[in-house]
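Quick one: structure below, then a few questions.
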Amino acid sequence: MALIKRAKKAESFFGQVVIGPPASGKTTYCGRVHAFYKEKLNRKVEVVNLDPANENMNYNPMIDIMHLITVEDVMKNLNLGPNGALMYCMEYLEENFDWLLNQLITIKDSYLIFDMPGQVELYTHHNSIKNVFEKLEKLNYHLCAVHLVDSHYCSDPSKFISTLLLSLSTMMQIALPHVNVLSKADLLRKNASKLDFGLDFYTDVLDLDYLLGLLDDGPFTKKFKKLNAALVGLIQDYSLVGFVLLDVRSEKSLLELKSAIDKANGYIYGSGEERNIQALLSCAVGARTESERFDSDYL
C-alpha cells in the first residue's frame, strides 16, 4: 500500500509497450529505438524486458522479468509447454505487480520501452498483461501500445485480413493508445511491384471491397464468400486500423514513428530534443534531395 501511495505522488511517466507476433522484430526495434532516442535525440530512456523467454536481447534492460521468473523454469518445474508456461509467467507477474512497481519507481525522469512476449493470445483474450498496464495507467504511467506486424503479410490477401483482425482485436483488448506498425518496410518497398495494390492501400486500409474481390477469387478462400464479406464488414465498421511503415535502419522512419507514438500518448519533449529532431529532419530532407538529383541524372 505504501508503495502505491509513493507512486501516486510521483510525476507522470511516459513510454511505449512493444507488442506483436513472434518474428515481427520487437526486440530488434527496442534495441534500435533505445539507442536512437538516447544518442540522437538526447532523450533519457530505459528498456524494461517483460518477456520471460527473451534470451537474445540486443540491449541492457534496466528491469528484467527473467530475474523474477523464466519460461524455462516454469516448463521444468510445472511440466507445462512453452505457451502454457508463458501465460503462467504473465499471471505470476500480475500477482507480483509490486515487484515491477518497486523497480519502476526507482527510474527517474526516463522514457520507458517495454519489450513484451510474442504470444498472440496474451493480447487478444488473456487478461494479465491488460491488467498490469491498467494498474500502471492508474499510477500516471502514460503508455502507448506499439503493435508490430511483419509487412510480408501484405503479400497475400488472406494473410492481410488476418493481420487486420489481429490488430483490431488487440486494440480492443489492450485498450491503450495504439499505433499499428508494418515492420521490415524496406523489404515491402523493395517488392512493392509484386503487391496487388499500392502501399497506401495497406497503410491507410482503404476500400476493402477490392480486397474482398481477391478473397472471393482465391483458390482457398473463394468457398467462404459470406465469411469473407462478414470479416471485411467488421473491419470497416470499426474503422480503427491503420499502419505506419517502419524500417529500423532508417532514422527518418524512426522519427515518423516516434511522432505518431508521442502524439498518441501525449508525450511532450524538451527544446533540446526538438532541436535534435529538426537537425535530423534537415539531414533526411537533404539526403532525399541528393537521391532525387542522382535519380534524375542517371535514370
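The values are calculated or read from the model by the stated rules, or taken from the named source; none is laboratory data. Please read these numbers as outputs of a predicted model, since none were measured by experiment. Backbone-built Cβ (ideal geometry, glycine too); neighbour counts: all protein chains shown.
Answer with yes or no whether Met171 is assigned by TED's automatic domain parsing to the domain that holds Ala53 and either of a type in the set (Gly, Ala, Ser) or more than 30 Å from Ser253 (Cα to Cα) (or both).
No.
Suppose we filter Asp262, Asp247 for residues that are at pLDDT 90 or above, under 22 Å from Leu164 (Cα atoms) and outside any strand (DSSP E or B); which single one remains?
Asp247
If the requirement is being touching an Asp or Glu at 6+ places or on another chain (Cβ under 9 Å) and in contact (Cβ under 8 Å) with a residue 12 or more places away in the chain, which of these qualifies: Val132, Val120, Val149?
Going through Val132, Val120, Val149 in turn, the sole match is Val132.
Filter the stretch 202-231 for residues that are in a helix (DSSP H, G or I) and among the hydrophobic types (A, V, I, L, M, F, W, C) and give the result.
Leu211, Leu212, Leu214, Leu215, Phe224, Leu227, Ala229, Ala230, Leu231 - these are the residues of the stretch 202-231 that are in a helix (DSSP H, G or I) and among the hydrophobic types (A, V, I, L, M, F, W, C).
From (1) without any contact (Cβ under 8 Å) to a residue 12 or more places away in the chain; (2) closer than 23 Å to Thr170 by Cβ; (3) under 22 Å from the mean Cα position of the chain (by Cα), pick out the condition that doesn't hold for Ser24.
Status for Ser24: all satisfied but (1).
Let me confirm something: among Lys223, Lys263, which residue is farther than 20 Å from His147 by Cα and either free of Cβ contacts under 8 Å to residues at least 12 places away in the same chain or of a type outside the set (Phe, Trp, Tyr) (or both)?
Lys223 is the lone residue from the list that is farther than 20 Å from His147 by Cα and either free of Cβ contacts under 8 Å to residues at least 12 places away in the same chain or of a type outside the set (Phe, Trp, Tyr) (or both).
A further question follows. Go through the residues of the stretch 65-87 one by one and say whether even a single one is of a type outside the set (Asp, Glu), within 22 Å of Tyr141 (Cα to Cα), touching a strand residue (DSSP E or B) at 6+ places or on another chain (Cβ under 9 Å) and surrounded by 21 or more Cβ atoms within 10 Å (Cβ to Cβ).
yes
Any residue in the stretch 67-88 that is free of Cβ contacts under 8 Å to residues at least 40 places away in the same chain sitting within a Cβ distance under 6 Å of a residue that is assigned to a helix (DSSP H, G or I) and aromatic (Phe, Trp, Tyr)? List the pairs, counting only those 6 or more apart or interchain.
Within 6 Å, the pairs are Leu68/Trp99; Ile69/Tyr92; Val74/Tyr88.
Out of (1) in contact with a helix residue (DSSP H, G or I) (Cβ under 9 Å, 6 or more places away or on another chain); (2) surrounded by 16 or more Cβ atoms within 10 Å (Cβ to Cβ); (3) assigned to a helix (DSSP H, G or I), the odd one out for Leu234 is which?
Going through the list (1) in contact with a helix residue (DSSP H, G or I) (Cβ under 9 Å, 6 or more places away or on another chain); (2) surrounded by 16 or more Cβ atoms within 10 Å (Cβ to Cβ); (3) assigned to a helix (DSSP H, G or I), Leu234 breaks only (2).
Return yes when Phe114 is of a type outside the set (A, V, I, L, M), in contact with a strand residue (DSSP E or B) (Cβ under 8 Å, 6 or more places away or on another chain) and either surrounded by 17 or more Cβ atoms within 10 Å (Cβ to Cβ) or in a loop (DSSP other than H, G, I, E, B) (or both) and no when it is not.
yes
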